[in-house]
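One structure below.
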Amino acid sequence: MNESSFQHWLAEQAADRDGRGLTRRLAPADVAGLLDLAGNDYLGLARDPRVVAGAIAAAQRYGSGAGASRLVSGTLSIHDELEREMAAFAGFPAALAFSTGYHANLSVVQALADPDTLIVSDAHIHASLIDGCRLARATVIVTPHNDVAAVERALAGRGRRRALVLAETIYSVLGDAAPLAELADLVAAQDAVLIADEAHALGVGGPGGRGLLAAHGLAGRPDVVATATLSKSFGAQGGLVLGSAAVREHLVNRARPFIYDTGLAPPAAGAALAALRVLRDAPELADQVRRNAAVLADAVGVGRPAGAVLSVPMPGPREAVSACAAAAAHDLRIGCFRPPSTPDGVSRLRLTAHAHHSDETLAMAAKILRLVVTAP
Ligand SMILES: Cc1ncc(COP(=O)(O)O)c(C=O)c1O
């Protein structure tokens, strides 16, 4: 393709996006006076002095980068420390750290599935798990959201193939919880494996923020593998896979996004470790997020969510964008999700609750939300 046809193609793509009201734009969030109800720093730890100090101490001790892939010379003792403490917290025998949650999800699916595996995937799982399915080149059956009977039918019809069931414990955009007990019963009965993404649950759901798998007594089960991110409740950057020692060893040997990627940066590992220790000492932070989420849910007239994420369906993408712009005019940042990020084609506002927001801040946010957001 020569340069002019390339530029023409880019312009056509942009015009198509604009025409459908789907153009995305980057906007800095570090603006004085802006109230953030869109981000995922649920416990307010990204700027907590103890967490920032953890990042600084790790940078001073180990350097600003890991310097190599984990299998070359990029494994540092802070990785071991982080993996051990995170596994113990979430109730799993072992953990493996990745440079992002995205990498953790790509890895777990690519390494645990192959072209002979059946993957049964909820329609609303995160893009990183979908991309993991593509990397694995497995057969995928997408089931309607939280439809356990559809998962059962897919598993029952698979013959002798190995099977993985993919779910998020709290869904990132819809904010609802997966039917974990039923899914876990099903994988046990069908000799399958449940891969559950705890990205929006760890730090927010379960006892002291230990996640929904722990809440259901499923953490540590050999047929349950969890993934998590360090970039949301833990205020840092990075990802985790939590499972048995055998799963960890398999991923170290087979997961391409782990093997061919530089190890998690020490400041991110140090920050996440510090955040975990803050949460262990203050388990009430998780309750505080859910309490604040209930206040916001009441303000916009939707049901109280399972964790920090509230989903407000809107009539269309333009209405969603207008509501976000109206909120921004009041210095309130809320999330806007439109197709193709929403698999059911419904445009939504996504609001997130945070442990550190005071009653006064919440009352102000609720007042603005009542003005600019009206759920259909
Ligand atoms: C459900 C879910 N899984 C995984 C990820 C990826 O995590 P990270 O941002 O650490 O790459 C996200 C992030 O948006 C997410 O929402």
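The values are calculated or read from the model by the stated rules, or taken from the named source; none is laboratory data. Here the structure is a predicted model, which is why all the values come from computation and not from measurement. Backbone-built Cβ (ideal geometry, glycine too); neighbour counts: all protein chains shown. These accessible areas exclude ligands, DNA and RNA; they are computed on the full protein's heavy atoms, side chains included. Shrake-Rupley method; radii C 1.70, N 1.55, O 1.52, S 1.80 Å.
Going by the alpha-carbon gyration tensor, a ≥ b ≥ c the square roots of its eigenvalues, is the chain rounded (a/c under 1.5) or, if a/c is not under 1.5, prolate (a/b greater than b/c) versus oblate?
Values: a/c = 1.32, a/b = 1.16, b/c = 1.14.
It comes out rounded by the Cα gyration axes.
Relative contact order of the stretch 116-249: 18 percent, from C-alpha pairs under 8 Å at least 6 residues apart in sequence.
As a fraction of the 1.4 Å probe accessible area of the stretch 98-154, surface on carbon and sulfur atoms comes out at 56 percent. With both residues required to sit in the chain, DSSP beta bridges show an antiparallel share near 50%.
I'm a student and want to see the number: the projected area of the Cα convex hull of the stretch 141-194, averaged over all directions, in nm². Spell out each step's value before the answer.
Working: hull surface 13.9 nm².
Averaged projected area of the stretch 141-194's Cα convex hull equals 3.5 nm².
Calculated from the alpha-carbon coordinates, the stretch 102-164 shows an Rg and a Dmax of 11.1, 31 Å respectively. Rg/Rh, computed from the Cα trace of the stretch 238-362 with Rh as the Kirkwood radius, has the value 1.07.
Per-peptide packing, taken as the mean over residues of other Cβ atoms within 10 Å, places 56-64, 147-155 in the sequence 147-155, 56-64 from highest down.
Round to the nearest 0.05 the FRET efficiency obtained for Asp223 and Glu85 when R0 = 25 Å and r is the Cβ-Cβ distance. Walk me through the numbers before you get to the answer.
Values: r = 24 Å, r/R0 = 0.97.
Calculated transfer efficiency: 0.55.
From the square roots a ≥ b ≥ c of the eigenvalues of the alpha-carbon gyration tensor of the stretch 253-324, which class results: rounded (a/c under 1.5), prolate (a/b over b/c), or oblate?
Details: a/c = 3.16, a/b = 1.50, b/c = 2.11.
In terms of gyration-tensor shape, oblate.
On average, how much accessible surface per residue is there in the stretch 306-376, in Å², for a 1.4 Å probe, leaving out ligands, DNA and RNA?
On the way: 3140 Å² over 71 residues.
Per residue, the stretch 306-376 has an accessible area of 44 Å².
Of the accessible area of the stretch 288-365, computed with a 1.4 Å probe over protein heavy atoms only, carbon and sulfur atoms account for 55 percent.
Diagonalising the gyration tensor over the Cα atoms of the stretch 1-92 and scaling each eigenvalue by 5 before taking the square root yields semi-axes of 40, 23, 15 Å, largest first.
Over the chain, dividing the summed -39,500 (n - 2.57) contributions of all DSSP H runs of at least 4 residues by the number of residues returns a 222 nm mean residue ellipticity of -13500 deg cm²/dmol.
Read phi for every residue in the stretch 303-310 and hand back ³J(HN,Hα) as whole Hz from Karplus 6.51 cos²θ - 1.76 cosθ + 1.60, θ = phi - 60°, with x for Gly and Pro. Once rounded to whole Hz, the list reads x, 5, x, 6, x, 9, 9, 10.
Please tell me the relative contact order of the chain in percent, rounded to the nearest whole number, where contacts are Cα pairs under 8 Å and at least six residues apart.
Relative contact order, the chain: 24 percent.
Which of the peptides 198-205, 104-111 is most tightly packed, and how do the rest follow, judged by the mean count of other Cβ atoms within 10 Å per residue?
Values: 198-205: 30.9, 104-111: 28.6.
Peptide ranking by packing, descending: 198-205, 104-111.
When only C-alpha pairs under 8 Å and at least 6 residues apart count, what is the relative contact order of the stretch 277-376, in percent? Please list the in-between numbers first.
Numbers: 147 pairs, mean separation 35.0, N = 100.
35 percent.
What the phi angles of the stretch 72-86 give under the Karplus curve with 6.51, -1.76 and 1.60, with θ = phi - 60°, is a coupling list of 8, 9, x, 8, 10, 5, 5, 5, 4, 4, 4, 5, 5, 5, 5 Hz, glycine and proline written as x. Computed over the Cα atoms of the stretch 78-211, the ratio of the radius of gyration to the Kirkwood radius (Rg/Rh) comes to 0.96. Counting only Cβ charges, +1 for Lys and Arg and -1 for Asp and Glu, the dipole size of the chain around its Cα centre is about 220 debye. For the peptides 309-315, 279-285, the ranking by packing is 309-315, 279-285, with the highest mean count of neighbouring Cβ atoms within 10 Å listed first.
For the stretch 96-249, give me the percentage of DSSP beta bridges that are antiparallel, rounded to the nearest 5 percent. Let's see the in-between values first.
Values: 8 of 26 bridges.
Around 30 percent antiparallel, to the nearest 5.
Provide Glu3, Glu182, Glu168, Glu360 ordered by accessible surface of protein heavy atoms (probe 1.4 Å), highest first.
Details: Glu3 130, Glu182 95, Glu168 5, Glu360 150 Å².
Solvent-accessible surface, decreasing: Glu360, Glu3, Glu182, Glu168.
State to the nearest 20 debye the size of the charge dipole of the stretch 156-221 about its Cα centre, where the only charges are +1 on K and R beta carbons and -1 on D and E beta carbons. Write out the running numbers ahead of the final one.
Working: 6 positive and 7 negative charges, 73 e Å.
Once rounded to the nearest 20, the dipole reads 360 debye.
Using the Cβ-Cβ distance between Arg47 and Tyr260 with R0 set to 41 Å, the FRET efficiency works out to roughly 0.80.
Derived scalar couplings between HN and Hα for the stretch 265-281 equal 4, x, x, 5, 5, x, 5, 5, 5, 5, 5, 4, 5, 4, 5, 4, 7 Hz in order, rounded to whole Hz, by the Karplus curve 6.51 cos²θ - 1.76 cosθ + 1.60 (θ = phi - 60°), x for Gly and Pro. Semi-axes of the equivalent ellipsoid of the stretch 189-275 are 22, 20, 9 Å, computed as sqrt(5λ) over the eigenvalues of the C-alpha gyration tensor in descending order. The stretch 303-376 and the stretch 176-255 have Cα centres spaced 27 Å apart.
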